[in-house]
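The values are calculated or read from the model by the stated rules, or taken from the named source; none is laboratory data. Since this is a predicted model, take the numbers as computed values, not measurements. Glycine gets a Cβ as well: all are built from the backbone with ideal geometry, and neighbour counts include every protein chain shown. Just so you know, the surface numbers come from the protein's heavy atoms only, side chains and all, with ligands and any DNA or RNA stripped out. Shrake-Rupley method; radii C 1.70, N 1.55, O 1.52, S 1.80 Å.
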Amino acid sequence: MLTAVVTVGVALGASTGAVAAPDRPGEARHVVGSDGAGDAYFPYSGNGGYDVEHYDLDLTYTPPSPAPAPLAGTLEATATLTLTATQDLEAFHLDLRGLEASAVSVDGRPAAAVAPPAEGESVEGAAFWQVSDDVQRRWELVVQPRPKLKAGTTVDVVVEYGGTTGRPTDVEGSLYGWVTTRDGAMVASEPDGAMTWFPSSDHPTDKATFTFGITVPEGTVAVANGLPAGEPTTVDGWTTWSWDAPDPMATYLATASVGNFEVRPVTTSSSGVPIHDYVDRDLTASALSITNASLARQPEMIDVFESLFGPYPFVAYGSIVDDDTLGYALETQTRPVYSRQASEGTVAHELAHQWFGNHVSPARWQDIWLNEGWATYATWLWNEHRGIRTAQQAYDTWYAAGRAPTYWALPIGDPGPLNLFAGQVYDRGAATLHALRLEVGDEAFFAGARLWVERFGGSAATTQDFQALYEEVSGLDLDAFFDTWLYAPAKPPATWSS
Ligand code: ARG
Ligand code: ZN
């Protein structure tokens with residue numbers, strides 16, 4: 001029977017099996033796509049049974065009313081996902097947290113969709129380790145397309161959704177996702193916060209292209225990834241900002257930040273990358289001068305990193321510098337988000353992530369050291385270029401520093417979901433790369449870096465892929481090296497430091 005009823009906000013029993021209907025006799029068996037991408041750290045991130053090719057996000061956002069009103073915005077949105085089934089599907093999952101879907105269709109036909117009940121347990125502000133397994137499962141929207149989907153079929157899935165926006169937190173308790181600010185929103189979703197603002201397959205193994213139409217009150221600016229798609233248009237006091245991000249992108253790297261931004265004139269790198277910057281008009285004078293000095297270095301940073309790592313991988317670059325709400329920066333693709341100010345070291349770090357993390361993404365969240373180690377090491381290289389200190393000096397200083405045993409106890413190759421952004425992942429990660437450079441020699445090290453970006457760019461890879469590639473370029477067996485540096489809960493011996 002064709003189910004044309006949208007059943008949202010009604011629990012249909014504990015398991016997703018509740019939406020499964022028997023196949024007709026003789027019809028091949030259709031399955032319910034899995035509720036996760038198989039990531040040991042974030043079991044409900046991403047989904048199985050399909051690949052998303054494109055997200056078109058049409059968002060209308062009302063920022064909070066001026067204080068002392070509660071810091072809550074309103075989001076009303078339509079997401080159109082172009083996806084291809086990789087299995088014969090009876091039903092499939094989307095990730096969606098804290099917002100409600102009101103209608104779902106597949107290729108224009110209304111589809112039943114089962115979502116968590118809105119009442120009862122509140123998940124606002126809760127991290128997944130604080131909520132029950134049952135609630136985590138309910139950050140899922142289960143869509144039942146009719147007719148069922150044959151493997152290989154590409155369809156448009158349209159989800160109308162919305163709700164009140166607040167300040168969600170991640171596994172460690174940091175703000176992330178669609179973070180409501182006094183004048184808009186800072187949108188930074190690593191690792192699994194994209195689901196707080198759009199229905200998605202929220203895992204870096206499922207990259208897609210994106211387009212955005214973001215409608216906000218006139219006078220407010222909305223900035224997303226990629227390039228502006230034409231001039232903003234204003235109707236009845238509402239301005240729509242359109243963006244086109246044609247490079248495959250992991251969901252956590254999408255942004256749609258909204259605020260009282262100054263739209264800076266476009267600059268370009270010597271290789272021709274257009275740089276579009278957006279800076280909060282309310283930064284303090286000192287934050288503004290630090291920010292201006294750092295942003296002015298972006299073209300030179302692109303030159304330096306292109307010479308080390310190969311061509312800049314995307315159509316555009318630039319920065320979004322917003323208020324102090326978030327408290328950290330994120331390398332959102334083509335357009336990092338900064339909180340309070342953008343310091344030079346952080347700007348170099350977020351730029352390096354475009355190659356390491358964004359173009360080549362972690363296939364599992366346990367591979368996070370490949371993101372943070374490379375971005376930190378690139379900053380060491382930038383400081384060397386600037387004549388501040390050499391990478392060798394940075395390594396020696398790191399190695400010589402006195403540290404608590406707990407520092408050395410964290411295996412950065414498998415830090416656990418609560419330690420994705422621990423300091424060790426960054427600086428032991430960078431030191432690991434410098435030690436690798438000493439081990440294989442400069443030529444193999446930099447050839448390996450460029451080959452890594454070239455071979456896995458546009459996709460995702462693991463630490464095992466990384467080791468295999470460096471064994472290939474160096475001809476060495478690197479088992480003992482990576483065991484010592486990534487997995488041994490101890491300070492690596494000094495052998496690699498000279
Ligand atoms: N990847 C970001 C950076 O190092 C840090 C993100 C921290 N995220 C978080 N949810 N705490 O540039
Ligand atoms: Zn980083």
Descending semi-axes in Å of the range 219-265, equivalent ellipsoid built from Cα gyration tensor
21, 12, 10
List every residue whose amide H lies under 5 Å from the amide H of residue 318, counting only residues 5 or more places away in sequence or on a different chain, with H placed 1.01 Å from N in the peptide plane.
276
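Which whole-number percent is the relative contact order of the chain (Cα, under 8 Å, 6+ apart)? Mind showing how you got there, number by number?
Details: 1172 pairs, mean separation 59.0, N = 498.
For the chain, the relative contact order is 12 percent.
What number, in nm² with one decimal, is the all-direction average of the projected area of the convex hull of the alpha-carbon atoms of the chain? Walk me through the numbers on the way to the answer.
Values: hull surface 99.0 nm².
For the chain, averaging the hull's shadow over all directions gives 24.8 nm².
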Candidate lysines - alpha carbon under 27 Å from residue 207, same-chain residues fewer than 8 apart omitted:
148, 150
Hey, what do the phi angles of the range 189-201 turn into as Karplus ³J(HN,Hα) couplings, whole Hz, using 6.51/-1.76/1.60 and θ = phi - 60°, x for Gly and Pro?
10, 7, x, 10, x, 4, 5, 6, 9, 8, x, 7, 9
Using only protein heavy atoms and a 1.4 Å probe, report how much of residue 266 is accessible, in Å² to the nearest 10.
80
Give me a comma-separated list of calculated 3J(HN,Hα) values for the range 272-288, in order, Karplus coefficients 6.51, -1.76, 1.60 applied at θ = phi - 60°, integers in Hz, x for any Gly or Pro.
x, 6, x, 10, 10, 10, 10, 10, 3, 6, 9, 5, 5, 4, 5, 4, 5
Would the range 197-285 count as rounded, prolate or oblate if I go by the C-alpha gyration tensor, calling it rounded below 1.5 in a/c and otherwise prolate when a/b exceeds b/c, oblate otherwise?
oblate
Net charge near residue 63 (other residues with Cβ under 9 Å of its Cβ; Lys, Arg +1; Asp, Glu -1) is 0
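Got a number for carbon plus sulfur as a percent of the chain's accessible area, 1.4 Å probe?
Working: 9790 of 18330 Å².
Ligands and nucleic acids excluded, carbon and sulfur reach 53 percent.
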Given a 1.4 Å probe and the protein chains all in place, what does the accessible area of residue 365 round to, in Å² to the nearest 10?
0
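Determine the sum of side-chain charges near residue 261: Lys and Arg each +1, Asp and Glu each -1, restricted to other residues whose C-beta is under 12 angstrom from that of residue 261.
Details: positive: 264, 281, 335; negative: 183, 262, 277, 280, 282, 322, 323.
Around residue 261, the charge tally is -4.
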Counting only heavy atoms of protein chains, what accessible area per residue, in Å², does the chain have with a probe of 1.4 Å?
37
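Give me the net charge of residue 386's neighbourhood, meaning all other residues with Cβ under 14 Å from the Cβ of residue 386; Lys, Arg count +1, Asp, Glu -1. Please list the in-between numbers first.
Values: positive: 297, 389; negative: 300, 303, 344, 384.
Local charge sum for residue 386: -2.
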